[in-house]
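In what follows, a structure is listed as structure tokens, so that the remarks can point back to it.
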Amino acid sequence: MPVRTWPVVGVLLLTMLLGLGVWLVWFAPLLANPFAVQARLEVDAIPCATMAWSAALLPVVALFCLLIVLALLLFAFIAFAHERRYLDLLEKQGLMPSGARLTN
């Protein structure tokens, strides 16, 4: 992937990740909203003990996975920014001809 296109791709991925988080909270609250799970547990909408444990832990796990993806995307943003800076530095020092760049 060209270095200069990463900001567009990264913003698109961040938007999709945010959309997934909003969708999970709105349309599947048992997957991402621990308060919804707690409310359903209080009214016995989830009857068995196994379901209670899995329903209580599932939102925490889902949110943790979203945080991991967010961290990976942030690291990718930082890596591509550094790569662009290093390529510019090499070009300024004349170690790489300006037309030899594989990226835009």
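The values are calculated or read from the model by the stated rules, or taken from the named source; none is laboratory data. Note that the structure is predicted; figures quoted are calculated from it, not measured. Note: areas computed on protein heavy atoms with side chains; ligands, DNA, RNA excluded. Shrake-Rupley method; radii C 1.70, N 1.55, O 1.52, S 1.80 Å.
Multiplying the residue separation of GLN38 and LEU14 by 0.36 nm and subtracting their alpha-carbon distance yields 5.8 nm. Excluding ligands, DNA and RNA, the accessible surface per residue across the chain is 73 Å² with a 1.4 Å probe.
I need the helices of the chain that pass two filters: whole DSSP H segments spanning 18 Å or more by Cα along the axis, and mean Kyte-Doolittle score no lower than 0.0. Correct list, ordered by number: 6-27, 49-92. In the chain, the portion of solvent-accessible area held by carbon and sulfur atoms comes to 75 percent [1.4 Å probe, whole percent, DNA, RNA and ligands not counted]. Histogrammed with a bin width of 10 Å, the alpha carbon distances of the chain distribute as 14, 30, 20, 15, 12, 7, 3, 0 percent, first bin at zero.
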